[in-house]
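Heads up: the structure comes next, in structure tokens.
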Amino acid sequence: MIPHLHPHAGDCEHACCLKIEHLSVRIGGEAILDDINLHMHCGQMVALIGPNGAGKSTLIRAILGQRDYEGKITFHEASGKQTKLRIGYVPQSPAFDRGDPVSVMDLFTCCLPFLQSISNRTACS
């Protein structure tokens, strides 16, 4: 990972953050990820890079709650309050019927009212 440091790096009192502590994922008894530790602040640009099969998608799925894992994943608001992580994710290979007549514009338009409602809430800054 190559993080771009947030102005308050290391200071979770001023920026929301995602903490991953001792995360391990095993599939069929094989360790896919072992003892991963990350601390990222909102506003950081982070690149997750590695060869095919390195566990990048597995890590993202664990963060999203789509993959069982051992360890701890927490998200804290800028106030320091621990809360549930809300993240948007578009998988590389989406699981929907490609025959459905839905354009990208249709997809985002259907979500617009929801996006407008959450834009008025306090966001990570």
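Over all alpha-carbon pairs in the range 11-90, figure out the percentage whose distance exceeds 18 Å. Can you show the working numbers first?
Working: 1354 of 3160 pairs.
Looking at the range 11-90, the distances longer than 18 Å represent 43 percent of pairs.
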Amide proton proximity set for ILE32, modelled H, under 5 Å, gap of 5+: VAL25, ARG26, ILE27
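Since every read-out is calculated from the coordinates, none of them should be taken as a lab result. The structure presented is a predicted model; accordingly, all values stated were derived computationally and were not measured.
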